[in-house]
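So the structure is just underneath, and the comments pick up after that.
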Amino acid sequence: MADSRFFSNAGPFSIEQLAEMTGAKATGADVAHRSFLDVCPLDQASATDVSFLDNNKYKSDFLKSAAGLCIVRPEFAATAPDGMALLLTADPYTAYALVASAFYPATYRDAMISPRATIQATAKIGENCSIAPGVHIAAQVVIGDNCVIGANTDISQGCEIGSGAMIGSNVSIQCSRIGRSVIVHPGARIGQDGFGFAPGAQGHRKVPQLGRVLIGNDVEIGANTTIDRGTGPDTRIGDGTKIDNLVQIGHNVEIGQHCFIVAHVGISGSTKIGNFTMIGGQVGIAGHLQIGSGVKIAAQSGLMRDVGDGQTVGGSPAQPMKVWLREIAMVQKMAKKKR
């Protein structure tokens, strides 16, 4: 059970309610007369809890689980423990996300602007916003309705933030336009100078960074992630893209819609990334590359070349996944012979 000091439980829910919200088919023990109090992992769940199985690695936990209700794919129905009700769906993880969100809906602070926040007279603040102590909102900033701005966040002159945004504490935002329903976690830095210098024998001349950061709707930006503004062209993040903690996005980078970018990724300037691309943890991407849509880049890869639509690559330097795995197998085989 989640700690009630931090999370508020909205249950119980009947199995019929859960089936309706997920589109799953309810089946199993005494389906019509059961309700559930919470969500819980398979190995900790009790008869009043909902759990799920999506990864086959946890099948043994499923077989032993005491969960009263489990969300699973149809092929697991025959092996469910006695007394367990089921919600059958082709996508258990998404269904679980819906169920968990019902039990623990996002909570918003009461609409209140702290007297200890500093808001310039020309800034425009929407209705029902919560602005915490220590926030600084500069001149000509526009913030939409129903936004939450965390403590000690600084929003620089002329920035725009769409409705329903949740901006964490200690965030800095400059030269940026941010869409609706965006989540920015604490410590993120958005819109600062890109790393632009003209090198020379007498020293390195700083190049003015005159672009912006343009962030679409429903984007999530992790804690301590940095997104540099463009040199002249803008840095762009497409709708629905999810960026993890500690990611560095250089100037002029363009990222498409609904991408996943995992922690510790570094994307060098002017690289363009298509839609629905997935980038694993600690990937390094060189500048000025063209990366297509639907690409998958394995963790800890070093990408130095363009990648076409739908390709899966890995290694350093990154190459097609089958080639990389074949080379690893060959090296291991050679090392084994030497021993």
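Things worth noting here:
- Dipole orientation for the chain: of the candidates Ser163, Ala19, Ile190, Ile190 has the Cα lying most toward the positive pole (charges on Cβ; Lys, Arg +1; Asp, Glu -1).
- Estimated from helical segments only, the mean residue ellipticity of the chain at 222 nm is -4000 deg cm²/dmol, where each DSSP H run of four or more residues counts as -39500 (n - 2.57).
- Cα shape, segment 258-339, gyration tensor, a/c 1.5 rule: prolate
- Taking Cα centre as origin and charging only the Cβ of basic (Lys, Arg, +1) and acidic (Asp, Glu, -1) residues, the dipole magnitude of the chain rounds to 1660 debye.
- Within a Gaussian network of the chain (alpha carbon springs, distance under 10 Å), most fluctuating of Ala223, Ala121, Ala97: Ala97
- Candidates Gly83, Leu69, Gln120 compared by Cα position along the dipole of the chain: farthest toward the positive end lies Gln120, with charges placed on Cβ.
- Evaluated at q = 0.15, 0.22, 0.25 Å⁻¹: base-10 log I(q)/I(0), Debye formula over Cα of segment 13-103: -0.43, -1.02, -1.41
- Cα gyration tensor shape of segment 196-335, rounded if a/c is under 1.5, else prolate or oblate by comparing a/b with b/c: oblate
- Cα-centre dipole for segment 13-103 with unit charges at Cβ (Lys and Arg positive, Asp and Glu negative), debye to 20: 160
- Neighbour counts of other Cβ atoms within 10 Å put Tyr93, Tyr104 in the fewest-to-most order Tyr93, Tyr104.
- Of the trypsin sites (Lys or Arg not before Pro) in segment 112-213, those whose Cβ has at most 14 other Cβ within 10 Å and which sit in DSSP loop: Arg116
- Residue-span extension gain [Glu127 to Asp91] - 0.36 nm each, minus C-alpha spacing: 9.2 nm
- When Cys259, Cys129, Cys70 are sorted by how many other C-beta atoms sit within 10 angstrom of their C-beta, beginning with the fewest, the order is Cys129, Cys259, Cys70.
- Geometric extent, Cα atoms of the chain - Rg, Dmax (angstrom): 24.1, 81
- Selected from Ala132, Ala95, Ala201 as most flexible by GNM, with the chain as the system and alpha-carbon contacts under 10 Å: Ala201
- Extension gain for Asp30 to Phe195 (0.36 nm times residue separation, less C-alpha to C-alpha distance): 53.2 nm.
- Total charge dipole magnitude, segment 93-248, about the Cα centre, Cβ charges on Lys, Arg, Asp, Glu only, Debye to nearest 20: 380
- Pairs beyond 18 Å (Cα-Cα), from Lys242/Lys296; Lys124/Lys242; Lys57/Lys322; Lys272/Lys296: Lys124/Lys242; Lys57/Lys322
- Listed residues Gly240, Gly187, Gly11, most fluctuating in the chain (Gaussian network, C-alpha, under 10 Å): Gly11
- 20 Å cut-off, amide nitrogen to a point 7 angstrom out along Ser101 Cα→Cβ, residues in segment 190-222: 216-222
Coordinate-derived values only; no laboratory data. Keep in mind the model is a prediction, meaning the values are calculated, not measured. Reconstructed Cβ throughout: ideal geometry from the backbone, glycine too, with neighbour counts over all protein chains shown.
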